[in-house]
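Taken together, the values in this text are just the output of simple stated rules run on the coordinates, not laboratory data. Quick caveat, the model's predicted, so the values are computed rather than measured. Positions of Cβ are backbone-derived with ideal geometry, glycine not excepted, and every protein chain shown enters the neighbour counts.
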């Protein structure tokens, strides 16, 4: 009986660790929030249909229902990826202009 209880306890620990590894930590959420420029949460809310207050709560580590948290994280990541892609394209275009002006000079 004791061995069975130990096995059950071990399985509970492993299951809990597996669940934890599939969710973002508060620190990771705060890092994600730090990637956002001013006004980003409002823009994410408009694009995704999510409330800005919900986005803010999730990014500061509060735990709403699982499906809402997932929607917020996906919306934020989509926004950051779009922002990074836009910045990379703008940088590439600016460097092309700079290189052309150097060739002319």
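Tell me yes or no: at least one residue of segment 42-64 is in contact (Cβ under 8 Å) with a residue 40 or more places away in the chain and in contact with a helix residue (DSSP H, G or I) (Cβ under 6 Å, 6 or more places away or on another chain).
Kept after step one, since they are in contact (Cβ under 8 Å) with a residue 40 or more places away in the chain, are these residues of segment 42-64: none.
No, segment 42-64 contains no residue that is in contact (Cβ under 8 Å) with a residue 40 or more places away in the chain and in contact with a helix residue (DSSP H, G or I) (Cβ under 6 Å, 6 or more places away or on another chain).
Quick check on my filter: what residues within segment 79-100 are surrounded by 11 or more Cβ atoms within 10 Å (Cβ to Cβ) and without any contact (Cβ under 8 Å) to a residue 24 or more places away in the chain?
Initial filter on segment 79-100 (surrounded by 11 or more Cβ atoms within 10 Å (Cβ to Cβ)): 79-80, 82-84.
Once the filter is applied, which keeps residues that are surrounded by 11 or more Cβ atoms within 10 Å (Cβ to Cβ) and without any contact (Cβ under 8 Å) to a residue 24 or more places away in the chain, segment 79-100 yields 82, 84.
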